[in-house]
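The values are calculated or read from the model by the stated rules, or taken from the named source; none is laboratory data. Nothing here was measured: the structure is a model prediction, and the numbers come from that model. No Cβ is skipped: glycine too gets one built from the backbone with ideal geometry, and neighbour counts run over all protein chains shown.
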Ligand SMILES: Cc1ncc(C[n+]2csc(CCOP(=O)(O)OP(=O)(O)O)c2C)c(N)n1
Ligand SMILES: [Mg+2]
């Protein structure tokens, strides 16, 4: 059976519901943080690389209150939103990326390799899922009721380690929540050109539940996920697949998509849609988030370089 693998077609997306202030503020913080990063890279202020989550910000925002401090979060290369949703710490993250004092990991982890409490990220595709499964096993034994949440992209389903982890997660009833951000592309390869079958079918092959999210409305997504996440805490792994849209380049300046594909992604952007649907709510909070991030950039840019010692 052939199923559609690309993100939802570019029909006019539905009206978004009015968000709570803190959800909108967090969405906007992530949006402006990512936009500033691209600007800083363009200005030659940053080294290395970065992958922004522009267009996908609502995924960690929807999940935020469903995860507690006892839960582990394993993030990937596109992880700034995951970190900001967990800690709200734009200063520490920017300092990490810029290699300045106050950096989350002393400035040696950079954009992709963060560690703070029960939050870890890696830029190596497929690395985190087996580790998360191991942590989930440990949690099941020592802290029942907690879980390991791991974010992966559609392209990461090409890594064999994903299947070893899913096999054991199902066999051992692990509290493992696999969040798939299916943005329809892996670097420059459309999902339909690299993934046979479906993500749902692959989860089913291991007897693992699958929940598809096509909405970008946090108020719709969160209550639907709440009972499912509770099920994970009781020891059944779950795959939650978000059909989402990557607004920006893969990393920076490397967008190989045709202009119409970028335009279609923009039509689904929660940011423009929310501005249109709720201008009175959007504009003041947007201005506040923009100013906040500009302040973070000014403050962190003025800090001295970070120092790190393996013996500390
Ligand atoms: C093992 C490994 N192979 C290749 C890469 C280079 N790489 C980084 S991101 C990426 C594409 C990832 O696609 P996807 O999983 O769909 O995530 P997205 O970038 O779309 O968020 C690739 C090939 C990598 N980081 N790790
Ligand atoms: Mg992808």
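A few points about this structure:
- So residue 248, is it loosely packed, with under 14 Cβ neighbours inside 10 Å and out of contact with any strand residue (DSSP E or B) (no Cβ under 6 Å at 6 or more places or on another chain): no
- Residues of the range 240-254 classified as assigned to a loop (DSSP other than H, G, I, E, B) and away from ligand 1 (no atom under 12 Å from the Cβ), total: 2
- From the list 212, 228, the lone residue that is more than 16 Å from ligand 1 (Cβ to nearest atom), assigned to a helix (DSSP H, G or I), at pLDDT 95 or above and in contact with a strand residue (DSSP E or B) (Cβ under 9 Å, 6 or more places away or on another chain) is 228.
- Residue check, residue 184 over 12 Å from residue 129 (Cα atoms) and surrounded by fewer than 17 Cβ atoms within 10 Å (Cβ to Cβ): no
- Some residue of the range 287-306 being out of contact with any helix residue (DSSP H, G or I) (no Cβ under 9 Å at 6 or more places or on another chain), at pLDDT below 95 and not in a loop (DSSP other than H, G, I, E, B): no
- The condition of being surrounded by fewer than 17 Cβ atoms within 10 Å (Cβ to Cβ) and in a helix (DSSP H, G or I) holds for only one of 192, 155, 197, 207, that being 192.
- Each residue in the range 146-165 was checked for being in contact with a helix residue (DSSP H, G or I) (Cβ under 9 Å, 6 or more places away or on another chain) and away from ligand 2 (no atom under 16 Å from the Cβ), and 8 pass.
- Condition broken by residue 264, with the remaining ones in (1) within 16 Å of ligand 2 (Cβ to nearest atom); (2) within 20 Å of the chain's Cα centre (by Cα) satisfied: (2)
- Filter result for residue 169 (assigned to a helix (DSSP H, G or I), touching a helix residue (DSSP H, G or I) at 6+ places or on another chain (Cβ under 9 Å) and more than 16 Å from ligand 2 (Cβ to nearest atom)): yes
- The range 172-193: number of residues that are more than 17 Å from residue 229 (Cα to Cα), within 10 Å of ligand 2 (Cβ to nearest atom) and touching a helix residue (DSSP H, G or I) at 6+ places or on another chain (Cβ under 8 Å): 8
- Residues within the range 27-51 that are part of a helix (DSSP H, G or I) and within 16 Å of ligand 1 (Cβ to nearest atom), tallied: 4
- Boolean, residue 243 is under 30 Å from residue 146 (Cα atoms), more than 20 Å from the chain's Cα centre (by Cα) and surrounded by 17 or more Cβ atoms within 10 Å (Cβ to Cβ): no
- Under the condition of being within 16 Å of ligand 1 (Cβ to nearest atom) and touching a residue at least 24 places away in the same chain (Cβ under 8 Å), the residues counted in the range 164-196 number 20.
- So residue 54, is it within 16 Å of ligand 1 (Cβ to nearest atom) and touching a helix residue (DSSP H, G or I) at 6+ places or on another chain (Cβ under 6 Å): yes
- Boolean, residue 120 is outside any helix (DSSP H, G or I), within 16 Å of ligand 1 (Cβ to nearest atom) and either on the phi < 0 side of the Ramachandran plot or out of contact with any helix residue (DSSP H, G or I) (no Cβ under 9 Å at 6 or more places or on another chain) (or both): yes
- Residue within the range 119-135 that is without any contact (Cβ under 8 Å) to a residue 12 or more places away in the chain and more than 16 Å from ligand 2 (Cβ to nearest atom) present: yes
- All positions within the range 194-206 that are out of contact with any strand residue (DSSP E or B) (no Cβ under 6 Å at 6 or more places or on another chain), within 16 Å of ligand 2 (Cβ to nearest atom) and under 21 Å from residue 228 (Cβ atoms): 198, 202
- Selected residue [at pLDDT 95 or above, within 16 Å of ligand 2 (Cβ to nearest atom) and in a helix (DSSP H, G or I)] from 82, 77: 82
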